[in-house]
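Only one structure is covered here, and it is reproduced in the block below.
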Amino acid sequence: MVNPMYGQRITLEQATNIVLQRVSGEVVHVDLDMEDGLVVYEVFIMTPSNQVFEVDVHARTRNVMKIDQEEDFDFD
């Protein structure tokens, strides 16, 4: 069985570019993770008004899966 984490997917740079088209700000953290069997980039953006948003991008289809404002974000 092929591990989906190693299949063809978009790059980190492509994922962050997709996110920055939806939420303007600075990328502060990125994870590549599995959610419900799908490989997603979790990109955290700090907006100019100091709000942090998590934007999930499907690593194969490039679709933005969710945009959530983070209430308690820890940079560690």
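In terms of other Cβ atoms within 10 Å, Arg22, Arg9 run from fewest to most in the order Arg22, Arg9.
Helical content of the chain, expressed as a calculated mean residue ellipticity at 222 nm, amounts to -4500 deg cm²/dmol (DSSP H runs of 4 or more residues, -39,500 (n - 2.57) each, divided by residue number, nearest 500).
Rounded to the nearest 10 degrees, the angle from helix 12-22 to the longest Cα principal axis of the chain is 50 degrees.
In the chain, Rg over Rh equals 0.98, where Rg is the alpha-carbon radius of gyration and Rh the Kirkwood radius from pairwise Cα distances. Of the residues Ser24, Met34, Met46, the one whose Cα sits farthest towards the positive end of the charge dipole of the range 23-63 is Ser24 (charges of +1 on Lys and Arg Cβ, -1 on Asp and Glu Cβ, taken about the Cα centre).
Dipole size of the range 4-70 about its Cα centre, with +1 on Lys/Arg Cβ and -1 on Asp/Glu Cβ: approximately 340 debye, rounded to the nearest 20.
3J(HN,Hα) along the range 51-68, derived from phi through the Karplus expression 6.51 cos²θ - 1.76 cosθ + 1.60 where θ = phi - 60°, amounts to 9, 10, 10, 9, 10, 9, 10, 4, 6, 10, 8, 6, 6, 6, 8, 6, 10, 10 Hz, with x in place of Gly and Pro. Computed over the Cα atoms of the range 33-76, what is the ratio Rg over Rh, Rh following Kirkwood? Answer for the range 33-76: 1.02.
Taken together, the values in this text are just the output of simple stated rules run on the coordinates, not laboratory data. Remember, predicted model here, so these are calculated numbers, not experimental data. Note: ideal-geometry Cβ built from the backbone for every residue, glycine included; neighbour counts use all protein chains shown.
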